[in-house]
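Asks: Have a look at the structure that comes next, please.
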Amino acid sequence: MKNIAVLLSGRGSNFKAIYSSIEAGYIADARITTVVSNKAEAPGLQFAKDRGLNSYFVNPSEYGSRTAYDTVIIDILKSRKTDLVCLAGYMKLLSAKFVDTFKNRIMNIHPSLLPSFPGLNAQKQALDYGVKISGCTVHFVDKELDHGPIILQKAVEIKENDTVNDLSERILKEEHKIYPEAVRLFVENRLTLHNRKVNIDYS
């Protein structure tokens, strides 16, 4: 049984997708043991509380540095024997200490086909640049922003009159498919990492 922790800052729609996939049995032999947010009023945190999950608000303003803040979260996750950390709209950069503690065990999802359009407002970046295809990427987290080894990607066509909201909604639908899939592959020990290439065992 793999123990999964989720870090979020907002609605947690990808957290809900992973949770639903576990509840439905699509992701077997895993459970979400911990949900942590840097926002007290995050809807995703309330969703977790309503379902009886161990839920924590850790207030960034109470800590003088990113490392000090992350140390508190690391201690929580260690106490819950966390095997995998899933970032689900977590709007804080992780410290080097956090990344080192859970090396190759932190996943994130980003609304572009990385390495294109990292950082904030990826959908707007794609529209402004004029690309014809965007999408989403699940990747392992390293010490650089939106840089870690890529696990899964899904392409999404950009339509002629797309707004940022139009594109975001279509990408989000694909996020809710590939993030649970990446978690399932991790839980089933089907992912191996060589340098920065992730190999997937589909046998």
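The values are calculated or read from the model by the stated rules, or taken from the named source; none is laboratory data. This is a predicted model, so every value here is computed, not measured. FYI the Cβ positions are ideal-geometry reconstructions off the backbone, even for glycines, and counts take in every protein chain you see.
Asks: Residues that are of a type in the set (Ser, Thr, Tyr) and in contact with a helix residue (DSSP H, G or I) (Cβ under 9 Å, 6 or more places away or on another chain): does region 121-129 have at least one?
Replies: Checked against the condition, which is being of a type in the set (Ser, Thr, Tyr) and in contact with a helix residue (DSSP H, G or I) (Cβ under 9 Å, 6 or more places away or on another chain), region 121-129 yields no hits at all.
Asks: Of all the residues that make up region 152-187, how many are under 14 Å from Ile109 (Cα atoms), assigned to a helix (DSSP H, G or I) and of a type outside the set (A, V, I, L, M, F, W, C)?
Replies: 9
Asks: Now for a separate question. Just to be sure I understand, how many residues within region 179-200 are in contact with a Pro (Cβ under 9 Å, 6 or more places away or on another chain) and small (Gly, Ala, Ser)?
Replies: Number satisfying all stated conditions: 0.
Asks: Considering Ser55, Ser61, which residue is without any contact (Cβ under 8 Å) to a residue 24 or more places away in the chain and either surrounded by 19 or more Cβ atoms within 10 Å (Cβ to Cβ) or in contact with a His (Cβ under 9 Å, 6 or more places away or on another chain) (or both)?
Replies: From the options Ser55, Ser61, the qualifying one is Ser55.
Asks: Let me ask something else. Among the residues of region 188-203 satisfying the criterion of being in a loop (DSSP other than H, G, I, E, B) and either modelled with pLDDT of 95 or more or among the hydroxyl-bearing types (Ser, Thr, Tyr) (or both), which is farthest from Lys103 (Cα to Cα)?
Replies: Out of the qualifying residues, it is Ser203.
Asks: Quick one: Asp50 ticks every box in (1) at positive phi; (2) over 16 Å from the mean Cα position of the chain (by Cα) except a single one, so which number is it?
Replies: (1)
Asks: Further, regarding this structure: Determine whether Lys173 is basic (Lys, Arg), more than 18 Å from the chain's Cα centre (by Cα) and not assigned by TED's automatic domain parsing to the domain that holds Ile27.
Replies: It is false that Lys173 is basic (Lys, Arg), more than 18 Å from the chain's Cα centre (by Cα) and not assigned by TED's automatic domain parsing to the domain that holds Ile27.
Asks: Can you tell which of Leu93, Leu113, Leu87 is buried (at least 19 other Cβ atoms within 10 Å of the Cβ), under 13 Å from the mean Cα position of the chain (by Cα) and not in a helix (DSSP H, G or I)?
Replies: Leu87
Asks: If a residue has to be part of a loop (DSSP other than H, G, I, E, B) and either loosely packed, with under 14 Cβ neighbours inside 10 Å or without any contact (Cβ under 8 Å) to a residue 12 or more places away in the chain (or both) to count, how many in region 122-142 make the cut?
Replies: So the answer is 2.
Asks: Let me ask you something else. For region 159-190: of the residues being surrounded by fewer than 19 Cβ atoms within 10 Å (Cβ to Cβ) and of a type in the set (A, V, I, L, M), which is farthest from Val6 (Cα to Cα)?
Replies: So, considering only residues that are surrounded by fewer than 19 Cβ atoms within 10 Å (Cβ to Cβ) and of a type in the set (A, V, I, L, M), the one farthest from Val6 (Cα to Cα) is Val164.
Asks: Of everything in region 23-44, what is touching a strand residue (DSSP E or B) at 6+ places or on another chain (Cβ under 9 Å) and touching a residue at least 60 places away in the same chain (Cβ under 8 Å)? Give them in sequence order.
Replies: Ile27, Asp29, Ala30
Asks: Among (1) assigned to a helix (DSSP H, G or I); (2) of a type outside the set (A, V, I, L, M); (3) under 19 Å from the mean Cα position of the chain (by Cα), where does Asp75 come up short?
Replies: Against the list (1) assigned to a helix (DSSP H, G or I); (2) of a type outside the set (A, V, I, L, M); (3) under 19 Å from the mean Cα position of the chain (by Cα), Asp75 comes up short only on (3).
Asks: Follow-up. Looking only at region 1-54, count every residue that is basic (Lys, Arg) and part of a loop (DSSP other than H, G, I, E, B) and tell me the total.
Replies: Number of matching residues: 3.
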